Amino acid sequence: MDGFIKSLPKVELHIHIEGTLEPELMFELALRNKIKLRYQNVEHVRQAYEFDDLQSFLDLYYQGAQVLQTEKDFYDLTWAYLQRCKMDCVVHTEIFFDPQTHTARGISFDTIINGITRALQHGKDQLQISSHLIMCFLRHLSEQDAIETLLQSVPYKDQIIGVGLDSSEQGHPPAKFSRVFEQARELGYLTVAHAGEEGPASNIWDGIKMLHIARIDHGVRCVEDESLVKHLAKNRIPLTVCPLSNVKLKVFQNMAEHNVVKLLREGLCVTINSDDPAYFGGYMTDNYLAVAHALDASKLEMAQFSQNAIEASFLDARQKAGLKQVLLQYVDQQLRPIL
Ligand code: HPA
Ligand code: ZN
């Protein structure tokens, strides 16, 4: 199983680029930008990564992001993630970035997006990894702030496929952002949103009905509403689930209690993703392995997660068909002796 998972072609749909900032790079960038960190060394940073809930993580995540200052910093961050993708056989990735975390500190939109997209182009040319970029609004800030960010993004629209919604879910429901999402759709952006991670199942309904989202990020609390689970299955509305993240943030007490395989067996379009791998202890392969080991999933089920991610991606039909072919060939070659 481990070998099968390691080489399985994968598609990632829920990754915050700021959440790929490894402590080593954090120190390197702090030195380069003459920023004093509150930690003495890399081990101290890792020791601090013990979280009680989403907010305790977000506090450290926003603090870590402060070392990102120049275009080269954003390039280096993204390039390091892409190299990790290559190791994990990730062939396509749809990456979140949080412009407000940086523009609020005086970093220009230009700096952020140029650094990230230059690395993505190199990823395509040198590593054969395709990608899309999704701009997330921080839900703890106002809708007006999100609208201003949306307007700032317009000159870069060709490089951004959609908008999303992240940060503190409790107290900041989808309804707060219905106008900015409507404006984003009018501009031609696709939409996704974090919902049903720490918040109730009603946030998932509201994401679908009010924000017209194409995918739910996390969505694991859908199980609290049977009619919602049926709706998600019937309409194949994708969930981008992040198993190691959910356990680290205590959405589930341990991996054996996670519902991702149960949801797969109920016919939902669930996918496996890494969220903030530098903080949650694992990239794509680690997440797939953790699920397979704790939840007794078969190789075909693990491959189904990857097929779901191809289906749920924002690639066009021809690109999806190409990736599906690559995946089916891999599964066929691996499982032929036992089929
Ligand atoms: N949830 C909400 N906001 C986030 C997350 C998450 O898992 N990761 C980064 N920002
Ligand atoms: Zn997330």
With all protein chains in place and a 1.4 Å probe, residue 250 shows an accessible area in Å² (nearest 10) of 100
The FRET efficiency for residue 104 and residue 202, from their Cβ-Cβ distance with R0 = 22 Å and rounded to 0.05, is 0.15
Given the candidates 228, 172, 190, the one whose Cα lies deepest towards the positive end of the charge dipole of segment 136-272, counting +1 at each Lys or Arg C-beta and -1 at each Asp or Glu C-beta, is 228
Note to self: with every protein chain in place and a 1.4 Å probe, segment 2-335 gives an accessible area per residue in Å² of 39
Projected area averaged over all directions for the convex hull of the alpha carbon atoms of segment 196-339, nm², comes out at 9.1
Checking rank on 111-119, 316-324, with mean other Cβ inside 10 Å and highest first, the result is 111-119, 316-324
Here the net charge surrounding residue 188, from other residues whose Cβ is less than 14 Å away from its Cβ (Lys, Arg +1; Asp, Glu -1), is -1
By the mean-Cβ-within-10 Å protection proxy, highest first, 240-247, 166-173 rank as 240-247, 166-173
Expected field for residue 58, accessible surface area in Å² at 1.4 Å probe radius, rounded to 10, holds 10
GluC sites (Glu not before Pro) in segment 1-74 lying in a DSSP loop, each with at most 11 other Cβ atoms within 10 Å of its Cβ, come to 50
Computed for the chain: size of charge dipole around the Cα centre, +1 on C-beta of each Lys and Arg, -1 on C-beta of each Asp and Glu, debye to nearest 20, value 740
Amide H proximity to residue 129 below 5 Å, modelled H, separation 5+ or other chain, gives 124
For segment 23-38, Karplus-derived ³J(HN,Hα) couplings (6.51, -1.76, 1.60; θ = phi - 60°; whole Hz; x for glycine and proline) come out as x, 4, 5, 4, 5, 4, 6, 4, 5, 4, 9, 6, 10, 8, 8, 7
Quick numbers on segment 2-335, Rg and Dmax over C-alpha atoms in Å, give 18.6, 54
With all protein chains present, segment 1-61 has a carbon and sulfur share of its accessible area (1.4 Å probe) in percent of 50
Lys and Arg at +1, Asp and Glu at -1: neighbours of residue 241 with Cβ under 10 Å from its Cβ sum to -3
Any aspartates and glutamates whose Cα falls less than 15 Å from that of residue 6, other than same-chain ones fewer than 8 residues away, would be 88, 286, 301
In order over segment 293-302: 3J(HN,Hα) from phi, Karplus 6.51/-1.76/1.60, θ = phi - 60°, whole Hz, x for each Gly or Pro, gives 6, 7, 10, 6, 8, 7, 4, 5, 5, 5
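The values are calculated or read from the model by the stated rules, or taken from the named source; none is laboratory data. As the structure is a prediction and not an experimental result, all values here were calculated from the model. FYI the Cβ positions are ideal-geometry reconstructions off the backbone, even for glycines, and counts take in every protein chain you see. Please note that ligands, DNA and RNA were not included when accessible areas were found on the heavy atoms of the full protein model with its side chains. Shrake-Rupley method; radii C 1.70, N 1.55, O 1.52, S 1.80 Å.
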